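A.B. asks: Please find one structure pasted underneath; my questions will follow.
The values are calculated or read from the model by the stated rules, or taken from the named source; none is laboratory data. In this text the structure is predicted, and so the values were computed from the model without any measurement. So basically every Cβ, Gly included, is an ideal-geometry build from the backbone, and we count neighbours across all protein chains shown.
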Amino acid sequence: MSTEAGAGQGGWHWPAGHDLILLDVVDSTMAEARRRAPLSRPTWIAARRQTAAVGRRGRAWAAPEGNLSATLSFDPGCTPAQAALYSFVASYALYATLLAYVDDRDAVALKWPNDVLLSGGKLAGILLESEGNTQAVQRLSIGIGVNLNTAPAAVALEPGAAPPVTLAEVIGEPVDPLEFLAFLAEHMAHQDAFFRANGFGPLRAAWLDRAARLGETITARTGTETVTGTFVTVDEDGQLVLETPGGRRTIAAADVFF
């Protein structure tokens with residue numbers, strides 16, 4: 001079963017020019033975005049429950065009812081390198097959304113490359129998927145999962161991984177997933193417009209201001225090595241920069257641990 005809504009429908013304020021497809025249950029919203037492509041307008045696909053959600057590197061992502069499971073699919077009209085920077089757009093939009101719920105903005109931190117932390121625990125994850133060629137991306141899907149009311153069991157966590165946390169337990173009351181999605185869609189539309197108009201520089205500065213463990217020692221695990229060093233910055237291409245005993249290292253993709 002699905003509900004399809006445009007701007008102003010569903011009882012929420014919805015960003016102009018964006019559509020919403022709301023599903024009771026789906027294997028994953030990212031897979032649904034692939035099946036429905038091409039879409040004529042930027043479209044959020046949300047599900048009350050996912051049965052086969054995945055995160056980075058194909059890891060299973062728990063997505064029970066009561067949390068946010070959503071994918072924004074659209075044509076970004078940009079290069080693959082620019083499309084990759086949308087993880088920063090999405091994470092900063094999540095930060096802005098959380099300020100409607102959390103009094104202490106310092107409780108929210110952005111963890112490179114694609115997580116949002118709340119009170120030191122992992123609250124949200126972001127996954128990007130694109131289609132196109134080496135010159136241009138024709139479809140970008142941004143999958144976002146947020147532990148609003150329930151969190152997966154903290155079992156088999158890798159050393160240094162942040163334990164899961166829910167927004168409800170931090171603020172002391174349940175969270176309406178559709179209300180949260182409406183706030184997020186508005187902030188995502190705003191951050192997207194800002195990014196397109198101003199480039200990565202201002203967004204990078206704002207993101208670094210909320211970056212988790214900036215200036216501290218962290219560990220980055222790529223597919224081939226483990227690198228430990230001081231988190232210096234994120235460069236103009238969105239890459240992690242570490243100062244290590246062997247010199248400065250720039251890392252394009254990795255999992256980060258504290």
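A.B. asks: So, Thr244, is that one under 28 Å from Ser119 (Cβ atoms) and of a type in the set (Ser, Thr, Tyr) or not?
C.D. replies: No: the conditions fail for Thr244.
A.B. asks: May I ask you to list pairs of residues, at least six apart or on different chains, whose Cβ atoms are under 6 Å apart, with the first in the stretch 206-232 being free of Cβ contacts under 8 Å to residues at least 40 places away in the same chain and the second being small (Gly, Ala, Ser) and not in a strand (DSSP E or B)?
C.D. replies: The qualifying pairs are Ala220/Ala254; Arg221/Ala254; Thr222/Ala254.
A.B. asks: Please state which one of Gly77, Gly17, Gly66 is crowded, with 16+ Cβ neighbours inside 10 Å and at positive phi.
C.D. replies: On inspection, the qualifying residue turns out to be Gly66.
A.B. asks: Would you please list the contacts, defined by Cβ atoms under 8 Å and residues six or more apart or on different chains, that run from a residue in the stretch 19-32 that is free of Cβ contacts under 8 Å to residues at least 60 places away in the same chain and closer than 19 Å to Ile126 by Cβ to a residue that is crowded, with 21+ Cβ neighbours inside 10 Å and among the hydroxyl-bearing types (Ser, Thr, Tyr)?
C.D. replies: Going by the 8 Å Cβ cut-off, the qualifying pairs are Glu32/Thr71.
A.B. asks: Kindly evaluate Ala53 against the criterion of being in the same structural domain as Ile142 (by TED's automatic domain parsing) and at pLDDT 70 or above.
C.D. replies: Answer is yes for this residue.
A.B. asks: Out of (1) of a type in the set (A, V, I, L, M); (2) in a helix (DSSP H, G or I); (3) within 15 Å of the chain's Cα centre (by Cα); (4) closer than 15 Å to Leu68 by Cβ, the odd one out for Val89 is which?
C.D. replies: The failed condition is (4).
A.B. asks: Can you tell me how many residues within the stretch 212-232 are crowded, with 18+ Cβ neighbours inside 10 Å and part of a strand (DSSP E or B)?
C.D. replies: 4
A.B. asks: Could I ask something else about it? Look at the stretch 235-253 and say how many of its residues are buried (at least 20 other Cβ atoms within 10 Å of the Cβ) and in contact with a strand residue (DSSP E or B) (Cβ under 6 Å, 6 or more places away or on another chain).
C.D. replies: Selection size over the stretch 235-253: 2.
A.B. asks: Hey, any hits in the stretch 58-71 for a residue that's outside any strand (DSSP E or B) and β-branched (Val, Ile, Thr)?
C.D. replies: Looking through the stretch 58-71, none of the residues is outside any strand (DSSP E or B) and β-branched (Val, Ile, Thr).
A.B. asks: Now for a separate question. Please go through the stretch 233-250 and give me each residue that is over 19 Å from Ser91 (Cα atoms) and touching a residue at least 12 places away in the same chain (Cβ under 8 Å), ordered by number.
C.D. replies: Hits for the stretch 233-250 are Leu242, Glu243, Thr244, Pro245, Arg248, Arg249, Thr250.
A.B. asks: Same structure again: Name the one entry in Gly172, Gly199, Gly143 that is without any contact (Cβ under 8 Å) to a residue 40 or more places away in the chain and either under 26 Å from Ala47 (Cα atoms) or in contact with a Leu (Cβ under 9 Å, 6 or more places away or on another chain) (or both).
C.D. replies: From the options Gly172, Gly199, Gly143, the qualifying one is Gly172.
A.B. asks: Taking the stretch 90-104, which residues are of a type in the set (A, V, I, L, M) and surrounded by fewer than 23 Cβ atoms within 10 Å (Cβ to Cβ)?
C.D. replies: Selection gives Ala96, Leu99, Ala100, Val102.
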